[in-house]
Amino acid sequence: MKNRINQFLYLLLIGLSLTSILTSCGGKSDDDYKWEWDDDEKPVNSEKPRFIWIDAAANFPDFANSKDNILRDLKLAKEAGFTDVVVDVRPTNGDVLFRAEAGTQVKWLGAWLPSGYTKIDRTENWDYLQAFIDAGHELGLKVHAGFNTFTGGNTSSLGSEGLLFRDQEKRTWATELLTTSGIVNTLDQSVSGAKFFNPVNTDVQNYVLNLLEALASYSDLDGIFLDRGRFDDLDSDFSLYTKKKFEEYLGYSISNFPKDIMTAGTKAGTLPSPMPVYFKQWLEFRVKTIHDFMEKARNRVKAINKDIQFGVYVGGWYSTYYGVGVNWASPEYNTASAYPAWAATNYKNYGYADHMDIMLIGAYASPTSVYGTNEWTIQGFCSKAMDKIKGDAIVIGGPDIGNGAWANSSDAVINQAITQSVDAAMNACDGYFLFDMIHLKKKNQWQYVKAGIDNALGEK
């Protein structure tokens, strides 16, 4: 990225068009965030995008069957000062809300209503994603698709739904977890929540890549963001399939599995003592798995639609993100030097930021930790992400304003923090990101994010 301006001048001299230039540079377009290409001049806030995420399940009561409601709420987002929306079109059950032969259309999702947790049926058959694209573009918003990558089912009090529950032949696709009771298939656990695929499984990867190709075929879609492009957690995946792939990575067999890798109950942030012999190499193998998938995914998406923006959502807590098998930094960032307790020399080689156009960083600190320089402040999450990504991608960070400490704080504290979060994020990174639209809607807090955006833009 750092030499794009010189490349531009050279290609211009030999008569190539600007479109050809950008295609030769990996399909990135400077029509949208032009300051990306100029390393000598920092962007002003008015040039920085402001993203709002729209979770499928939480917003389903309003949007499942009403184009009017979609247009209504996107108008609110536009009026508040957002420039981009990310609409979740593959929720955690793994079914889809876009055209895809390989996928099953969402029939229902669970959402919280005043009466309690309720099943919301989708009775309409119009294209959910296209409705957002049409409404958003009518308003001048860019519209991106959010895509839960390695989930294939979901369990709640309303029941279980998704490919992993419908097709017994896909049981081998489900992740197997290391528990104190042994290695257990996630489908045999009764706990609620998303049910993950095994990301190592090549059949799983091919299935997901086919879905992404279908998503990229929307020629007027502005971008795709992969969410949950990761392992379930540090206890995933310990199947015999993954053991074999790990041995291929090592180049030899291991006899004491999984003891020589990890003991049950180990959590990210609390390292095992003594350290199992293969623990660091296991972490490298996992981040290589995700890195290689992200490279494949980008190539497959760009082959269908070279102009679409390709990115990910990740949590900003890099110091413990090894737990889900993701190195979202630049390969130029020396993880082993910064975190020698758990990162070996090759860990940095599997940083995937250079395969991304835009990265959404979950700066999910509490409402009383907006400013600061360390992790677990909104500002700190954003500034540290900038340092780790090193210009390989646009970095957009911001808060989750409805969960954790945000759910238990007073309205006065939350309202102030929403406004301050815009300043903290936009001055620390390349833009602003807010999760989720439903939280602004529930308490009608649009004015507080608008105040923050207006302040950041120098408006009254």
Scanning segment 66-92 for residues that are open to solvent by 10 Å² or more (accessible area, probe 1.4 Å) and assigned to a loop (DSSP other than H, G, I, E, B), the one farthest from I224 (Cα to Cα) turns out to be S66
Original post:
Can you spot a residue in segment 290-300 that is more than 24 Å from the chain's Cα centre (by Cα) and at pLDDT 95 or above?
Top reply: no
**Prompt:** Is it the case that N455 is assigned to a helix (DSSP H, G or I) and at pLDDT 95 or above?
**Reply:** yes
How many residues of segment 306-339 are among the hydroxyl-bearing types (S, T, Y), buried (at least 18 other Cβ atoms within 10 Å of the Cβ) and not in a helix (DSSP H, G or I)? The answer is 3
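So that you can scan it fast, the table gives a plain yes or no per residue for (1) under 27 Å from A145 (Cα atoms); (2) of a type outside the set (G, A, S); (3) touching a residue at least 60 places away in the same chain (Cβ under 8 Å):
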site: R228; (1), (2), (3): yes, yes, yes
site: D232; (1), (2), (3): yes, yes, yes
site: D235; (1), (2), (3): no, yes, no
site: L240; (1), (2), (3): no, yes, no
site: F246; (1), (2), (3): no, yes, no
site: I254; (1), (2), (3): no, yes, no
site: P258; (1), (2), (3): no, yes, yes
Log entry, pairs with first residue in segment 63-81 being within 27 Å of G431 (Cα to Cα), second being open to solvent by 60 Å² or more (accessible area, probe 1.4 Å), beta carbons closer than 7 Å, six or more apart or on different chains, reads A80/K450; G81/K450
Scanning segment 202-232 residue by residue, those in a loop (DSSP other than H, G, I, E, B) and closer than 15 Å to G153 by Cβ turn out to be R228, D232
Out of (1) part of a helix (DSSP H, G or I); (2) over 18 Å from D55 (Cβ atoms), the one A407 does not meet is (2)
If we ask which residues in segment 391-401 are open to solvent by 10 Å² or more (accessible area, probe 1.4 Å) and touching a strand residue (DSSP E or B) at 6+ places or on another chain (Cβ under 8 Å), their number turns out to be 1
Reported set for segment 202-226 where residues are farther than 22 Å from W328 by Cβ and either free of Cβ contacts under 8 Å to residues at least 60 places away in the same chain or among the acidic types (D, E) (or both) is T202, D203, N206, E213, D220
Note on segment 341-384: residues part of a loop (DSSP other than H, G, I, E, B), farther than 30 Å from P276 by Cβ and among the small types (G, A, S) are A363, A365, S366, S369, G372
Within segment 107-130, restricting to residues that are polar (S, T, N, Q) and either farther than 11 Å from L158 by Cα or out of contact with any strand residue (DSSP E or B) (no Cβ under 8 Å at 6 or more places or on another chain) (or both), the one that is least open to solvent (accessible area, probe 1.4 Å) is Q130
The residue that is most open to solvent (accessible area, probe 1.4 Å), considering only those in segment 239-270 that are part of a helix (DSSP H, G or I) and touching a helix residue (DSSP H, G or I) at 6+ places or on another chain (Cβ under 6 Å), is Y249
For segment 301-313, pairs from a residue that is among the basic types (K, R) to a residue that is open to solvent by less than 10 Å² (accessible area, probe 1.4 Å) and at pLDDT below 95, with Cβ under 7 Å and 6 or more apart or across chains, are K302/G27; K306/G27
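For A303, are the conditions met, namely being of a type in the set (G, A, S), open to solvent by 10 Å² or more (accessible area, probe 1.4 Å) and not in a loop (DSSP other than H, G, I, E, B)?
Yes; evaluated as a whole, the condition is true for this residue.
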Of those in segment 413-431 that are open to solvent by 10 Å² or more (accessible area, probe 1.4 Å) and not acidic (D, E), the residue farthest from A456 (Cα to Cα) is V413
Scanning segment 153-186 for residues that are open to solvent by less than 40 Å² (accessible area, probe 1.4 Å) and polar (S, T, N, Q), the one nearest to F197 (Cα to Cα) turns out to be T175
For W112, the lone unmet condition from (1) within 24 Å of the chain's Cα centre (by Cα); (2) assigned to a helix (DSSP H, G or I); (3) farther than 26 Å from V312 by Cβ is (2)
When S410 is run through (1) surrounded by 15 or more Cβ atoms within 10 Å (Cβ to Cβ); (2) over 18 Å from G452 (Cα atoms), the failure sits at (1)
Over segment 120-168, the set of residues within 19 Å of the chain's Cα centre (by Cα) and polar (S, T, N, Q) is N148, T149, T151, N154
Any residue at all in segment 139-152 that's in contact (Cβ under 8 Å) with a residue 24 or more places away in the chain, surrounded by fewer than 19 Cβ atoms within 10 Å (Cβ to Cβ) and part of a helix (DSSP H, G or I)? yes
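The values are calculated or read from the model by the stated rules, or taken from the named source; none is laboratory data. These figures come from a predicted structure and were not determined experimentally. FYI the Cβ positions are ideal-geometry reconstructions off the backbone, even for glycines, and counts take in every protein chain you see. Note: areas computed on protein heavy atoms with side chains; ligands, DNA, RNA excluded. Shrake-Rupley method; radii C 1.70, N 1.55, O 1.52, S 1.80 Å.
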